[in-house]
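The values are calculated or read from the model by the stated rules, or taken from the named source; none is laboratory data. What you are looking at is a predicted structure, and each value in this text was computed from that prediction instead of being measured. Backbone-built Cβ (ideal geometry, glycine too); neighbour counts: all protein chains shown. Note: accessible area is taken over every heavy atom of the protein model, side chains too, but ligands, DNA and RNA are not part of it. Shrake-Rupley method; radii C 1.70, N 1.55, O 1.52, S 1.80 Å.
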Amino acid sequence: MNIKLENNVIGLCSDHAGYELKEIIKGYLESQGIAYKDFGTHSIESCDYPDYAHPCALAVENHDVCAAIGICGTGNGIAMTLNKHQGIRAGLCWEPELARLTRAHNNANVLVLPARFIAPELALQIVDVFFSTDFEGGRHQRRLDKMPVS
Ligand code: RB5
C-alpha cells in the first residue's frame, strides 16, 4: 500500500456490525507496516455507531490521524454521522473503482465500508485502492469548495 495522504496514521471506527471487518483491516495494516488508531468499538456487543464515529471524525479534523476508515452494517449510518463534521468527506465504497473515484474526484478523507455487504478480501482491495489514489484537484476542487453550507 502506498499511502498518499499527509501522515501514516489511519483512524478506525465501527459499530458491532463492523467490528470483525475492522479487526481484519487492522491485521492488514499491521502486515503493511501502517500505523492506526482504533476508536472502537472493541467487541461484537451491540452499540451505537455515533459513539465511535464522532471521536474518529474529530481526530481527522484535528490531524491526529491523516484519514480514517469507518465501518457499520450498511455503511450508511456511520457515513451520515461522519459527514456531519465540516472537515470530513466520508465516502461509502463497496468496490475498488468507487474507492478510486472517491479519492480522485471527492478527496475523501474517510473510507466507509458496508461490512454486511462485502467480503473481507474485497474490503482489503478497496482499502488498498483508496489509500493509493491521489486527489486530482482542478475542477473537482472547485466542486469541493462549493460543498459547505454557508
Ligand atoms: C446495526 O444493526 C446496523 O443498523 C448498523 O450497523 C448500520 O447498518 C446502520 O446504518
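Spin-label model, R116/I34: points 7 Å from Cα along the beta carbon direction are separated by 2.6 nm. Taking a ≥ b ≥ c as the square roots of the eigenvalues of the Cα gyration tensor, region 25-75 is classed as oblate, since a/c reaches at least 1.5 and a/b does not exceed b/c.
For region 103-149, applying the loop criterion from DSSP together with a ceiling of 14 other beta carbons within 10 Å to the chymotrypsin sites (Phe, Trp or Tyr not before Pro) yields F117. Expressed as a whole percent, the accessible area of the chain that falls on carbon and sulfur atoms is 50 (1.4 Å probe).
Shown here for region 52-139: trypsin sites (Lys or Arg not before Pro) in loop regions (DSSP other than H, G, I, E, B) with at most 15 other Cβ atoms within 10 Å, namely K84, R116.
Note on K26: aspartates and glutamates with a C-alpha under 20 Å away, same-chain residues under 8 apart excluded, are E6, D15, D38, E45, D51, D64, E95, E121, D128. Of the GluC sites (Glu not before Pro) in region 1-100, the ones in a loop by DSSP (not H, G, I, E or B) with at most 11 other beta carbons within 10 Å are E6, E45. The residues of the chain expose, per residue, 49 Å² of accessible area to a 1.4 Å probe.
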